[in-house]
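For reference, the structure discussed in these notes is given below.
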Amino acid sequence: MSTGESKVTDKKLPGDGRERGNSGKFRDTGGNIPYKKPRFSGECDELKECIFDCEDSRQAGMFDANMKKLSIYAGAKYDMGSEIMTMIDEMVEVQIKKPYPYTGVDPIEIKIHELKIAQYVKNLNKFESECKKLYAGND
């Protein structure tokens, strides 16, 4: 060796270029490209970005924002939207208001009351059906 030259050594770090067990800590990837998890997107076009992900550090804020988006979407999509929005926003079971009992003898009022009861039963069935669609994700 001459005086101006320096000796270059190939110094290897511990675990460099070889695998250590199953941990993957020192795995040689051939290009040091980190693994990037594919981004999940919703099935519905209107709610593509509305994702409930528990791995994110901002999950509480994102949960509230996504629940609001879901509430607005469901309110516009379903016939009984106001009840469904209340159910999502307040996270409570919504009760459809029953008609008051009629005890009079007026035949017109009796018929009106019967129609109110029929409409109440229809609303109960429709609300139950729409809740099932919402939870199942069916349109």
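Those helices (runs of 4 or more DSSP H) of the stretch 55-139 that lie entirely within it include none in which at least 2 residues are in contact with an Asp or Glu (Cβ under 6 Å, 6 or more places away or on another chain) and modelled with pLDDT of 95 or more. Can you say whether VAL121 is under 38 Å from the mean Cα position of the chain (by Cα), aliphatic (A, V, I, L, M) and closer than 16 Å to GLY75 by Cα, as far as the supplied structure shows? No.
Looking only at the stretch 129-138, residues that are at negative phi and either exposed (fewer than 12 other Cβ atoms within 10 Å of the Cβ) or in contact (Cβ under 8 Å) with a residue 60 or more places away in the chain (or both) come to 5 in all.
Taking the stretch 75-100 as the range and being exposed (fewer than 14 other Cβ atoms within 10 Å of the Cβ), of a type in the set (Phe, Trp, Tyr) and in contact (Cβ under 8 Å) with a residue 12 or more places away in the chain as the test, no residue passes. The listed residues are ILE112, ILE108, ILE72, and the only one of them that is within 30 Å of ASP45 (Cβ to Cβ) and without any contact (Cβ under 8 Å) to a residue 40 or more places away in the chain turns out to be ILE72.
The values are calculated or read from the model by the stated rules, or taken from the named source; none is laboratory data. Remember, it's a predicted structure, so these values are computed and weren't measured experimentally. In this analysis, Cβ positions are derived from the backbone assuming ideal geometry, glycine residues included, and neighbour counts consider all displayed protein chains.
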